[in-house]
Amino acid sequence: LSQLFRPLDMLGWVYRTIRQGVIDMGSMFDLIDTQEEIADSPGARPLDVAHGHVRFENVEFSYDPDRQILKGIDLDIPAGATVAVVGPSGAGKSTLARLMYRFYDITGGRITIDGQDIRTVTQASLRAAIGIVPQDTVLFNDTIGYNIAYGREGAGPEEIADAARGAAIAGFIQSLPDGFDTRVGERGLKLSGGEKQRVAIARTLVKNPPILILDEATSALDSRTEADIQATLEAIERGRTTIVIAHRLSTVVHADRIVVLEAGRVAEQGTHAELLRLGGVYAEMWTRQAQEREAGEELAAE
Ligand code: ATP
């Protein structure tokens, strides 16, 4: 009997782990627009993004004074490059993204975009320059068109339609009885996880930011939908500086650089091939996740 229950137990564990990840990462970005702790410094100027070169210079950060989370992070993200941040749970990956969006101020070092310290620019201009694609998108109880247009005030129907095409959701919207006027959200049409993610991508395309943060973390999408979404994301990354926060290494193989964060420090960085050759933390994570994938496939096949 215990043989029968073991796989069920494991499935329960996988479900709870994924579910928790979804909630944590979802709430991380929902909070961003509502928190108003950080104020513009006197004389703050609008951020001028000529290229989108992002730098972290010896960045230190703690949420609570007695527990340091980031311990001197140096990161150089060239304009237009895609950098993936990976590492164990609690390493500080989401924190890096929150700090870039200036959700909190750092306690040491500096973060610059094209040479401008983000503490010296207006928050409105900083947040206009950064697009976030969370994995768990919140939809408003309004039309699907409104939900896409939310990316930028004053977006017109043409831009909304273009963005829907870019996010590969235009065909789906056209098949709905009311097209872009179809109501979605809790009180309207319920969209699948993949469809919601495409709305988030379309929203970001309307915003057209030079810098992107992709939260590709634990996701409950089936593998085919996930591969489709991955292809769409790779298309929108082109020409933008992109930071990918990733939990599954299979989605970051294409990144220009992979940064391995461990306990608030950069443990390793390089391309996928370089890090495998190095035979360190990343190589170990890669082997472990490959074994887990195989185990998952066997479980699914039983
Ligand atoms: P995961 O892969 O599990 O999402 P992560 O690498 O993204 O983890 P972070 O969310 O950046 O990790 O968290 C880094 C550390 O900061 C964790 O130890 C976490 O407990 C702590 N932390 C995160 N948010 C807060 C907060 N609002 N207040 C206090 N501590 C926090």
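The values are calculated or read from the model by the stated rules, or taken from the named source; none is laboratory data. Just so it is clear, the structure is predicted and the values come from calculations on it, not from any experiment. Glycine gets a Cβ as well: all are built from the backbone with ideal geometry, and neighbour counts include every protein chain shown. Accessible surface is based on the protein model in full, side chains and every heavy atom, while ligands, DNA and RNA are left aside. Shrake-Rupley method; radii C 1.70, N 1.55, O 1.52, S 1.80 Å.
Between S223 and D117, what is the FRET efficiency for a Förster distance of 35 Å, r being their Cβ-Cβ separation, to the nearest 0.05?
0.25
Counting other Cβ atoms within 10 Å of each Cβ, which chymotrypsin sites (Phe, Trp or Tyr not before Pro) in the stretch 56-102 have at most 14 and sit in a DSSP loop?
Listed in order of number, the matching sites are Y63.
Please state the shape class of the stretch 233-302: rounded when a/c is under 1.5, otherwise prolate if a/b exceeds b/c and oblate if not, all from the C-alpha gyration tensor.
oblate
For the stretch 122-266, how big is Rg over Rh, using alpha carbon atoms and the Kirkwood form of Rh?
Checking Rg against Rh, the ratio lands at 0.98.
Considering only protein heavy atoms and a probe of 1.4 Å, how much of the accessible area of the stretch 155-302 is carbon and sulfur, as a whole percent?
50
Quick one: if you stick a label point 7 Å off each Cα along the C-beta vector at R187 and H51, how many nm between them?
Inter-label distance under the simple model: 5.0 nm.
So which lysines pass the test for K71, namely a Cα distance under 21 Å, with those fewer than 8 places away in the same chain ruled out?
Filter leaves K93.
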